[in-house]
Every structure is written in C-alpha cells, then in structure tokens.
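Working notes, structure below.
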Amino acid sequence: MINYAILTFRLVWLCFPRRARELRYQLLLKAGAKMYRKTLPYQRVPFRLYIKRSLGRVLPCNEGPALRLVEQYTDVPAPTLIDSLKTNNRTYLVVTHPPGETLGNTMPRLTYAERSQLSTDLRACISQFRKIPNPNNASICSADGGPAFDYRLGDPAGLFDSEQAFNKHIISQSRLRSEIHDHHPEIFFSHADLNPANILIERGRLSGIVDFRCVKFYPEY
C-alpha cells in the first residue's frame, strides 16, 4: 500500500509546473538542513525524502534513469525516484530512502546466520541487476547511454561499442590492467559502488541498496 501511494503521489506531483516543484524543493532543503543538519551529497528532508541538488546541470544525470530501470525490472529494495528536475540554474534529484542503517555500522552486530542470509539476499539482488536489459546503443555506458562515471577511472569514460574497446582504455592505465581483460565476459547492469555504506540493514536483514550514481553497463568482472 505504501509503494502504491508513493507511485500515485509521483504521478500527480509530476503534473505540477516545473517552477512550482523547484520552489517546494528549495523549501524542503531549508527545512531538512535545520531538522536533520546539512549533509552532502544527499540532504534528508521531511516526508522521508532525500534531495540531491547541484548548481547548473553538472549533477550526474545517470542516477535517475538507473533507478527507473531498477524499478521497472526488479524488486530490489532501492530508493524510488520521485523527480529528476533540470532548470536553467539547478538540477534536483528527489528520491525516497529505504529504512535501516548502513552495513558498515551494523556488521559487528550481525549473527553468523544473518551474515549468511545477507550474502544470499545480495546475490539475489545482483542476479536481478544482471537481467536488466541495456536500452542504449553503446554496449558499455551509463544507464542513460552517456559516458560511464567511475571513481577508479577518474573522468567519465566512454562510450564504448564493445568490451574490446573498453579493455583498450583500461589497459592504458597500469594500475587497472589485469589478465582478465584478455577474456570476453558478458556485459551486465552493474551498481559499481556496492560498498558497506550503500547497503542498508534493518532487523538483521537487507533493507535497501542506495546510491546509484555509478551505475553502468559493464563487463561482468
């Protein structure tokens, strides 16, 4: 029922003019900074929402399309995209946030049975990610078909029409070169930043996977 209410709200909310939505986001950001303290890159705001804001249009535009694909093709517990709004001066990404604490904070308290179950749950999530089809022309790219953003690669890399072209880029950087690049693996939808800060736990179980800014279609390794 909660998920249905969120989707209904989103459908109605997106009918409002862009300027009206932007004004509401500005008010929510101010309220959130006072109520929950100011945080980056996401600001917690009332109504269990989080807003990421950027000056101009420099906010990575990949995260919104990535969340849409996750919502459309999986039942992975992930943030629900409410709005991805671009104005002349700013970009806003508005999402819900799954409940729970980060795995980094909860791992010492998990029992061995809970850790085993977490492994099973994460495997199921990654398996679902790998079934998401690539709707773009490039083989290796971000969810919106643009260059792949990855902390390890530095500047956004791509586009790449094949795994071989991607490997050619990788092996030019000695710190990333590996024998695995001589093989020809499949290409899958990848979270690409699945670290303990982006895995949420509630009552000993996986409750959410967050931060989809680095999502791209990548070789399976």
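The values are calculated or read from the model by the stated rules, or taken from the named source; none is laboratory data. Here the structure is a predicted model, which is why all the values come from computation and not from measurement. With ideal geometry, Cβ positions are generated from the backbone for all residues, glycine too; neighbour counts draw on all protein chains shown. Accessible surface areas use protein heavy atoms only, side chains included; no ligands, DNA or RNA. Shrake-Rupley method; radii C 1.70, N 1.55, O 1.52, S 1.80 Å.
Worth a mention:
- Residue check for V70: of a type in the set (V, I, T), under 29 Å from G146 (Cβ atoms) and at pLDDT 95 or above: yes
- Number of the exception - K52 against (1) in a helix (DSSP H, G or I); (2) closer than 21 Å to R213 by Cα; (3) of a type in the set (K, R): (1)
- Qualifying positions in the stretch 97-138 - modelled with pLDDT under 95 and open to solvent by less than 20 Å² (accessible area, probe 1.4 Å): P98, A138
- Residue within the stretch 3-23 that is within 30 Å of D75 (Cβ to Cβ), without any contact (Cβ under 8 Å) to a residue 24 or more places away in the chain, among the basic types (K, R) and in a helix (DSSP H, G or I) present: no
- Neighbours by Cβ (under 8 Å, 6+ apart or cross-chain): first from the stretch 110-123, farther than 22 Å from T74 by Cβ and in contact (Cβ under 8 Å) with a residue 60 or more places away in the chain; second open to solvent by less than 60 Å² (accessible area, probe 1.4 Å) and assigned to a helix (DSSP H, G or I): L110/L118
- Criterion violated by K38 - all others in (1) open to solvent by 100 Å² or more (accessible area, probe 1.4 Å); (2) of a type in the set (K, R); (3) touching a residue at least 40 places away in the same chain (Cβ under 8 Å) satisfied: (3)
- Conditions (1) open to solvent by 50 Å² or more (accessible area, probe 1.4 Å); (2) modelled with pLDDT under 95; number of the one not met by R205: (2)
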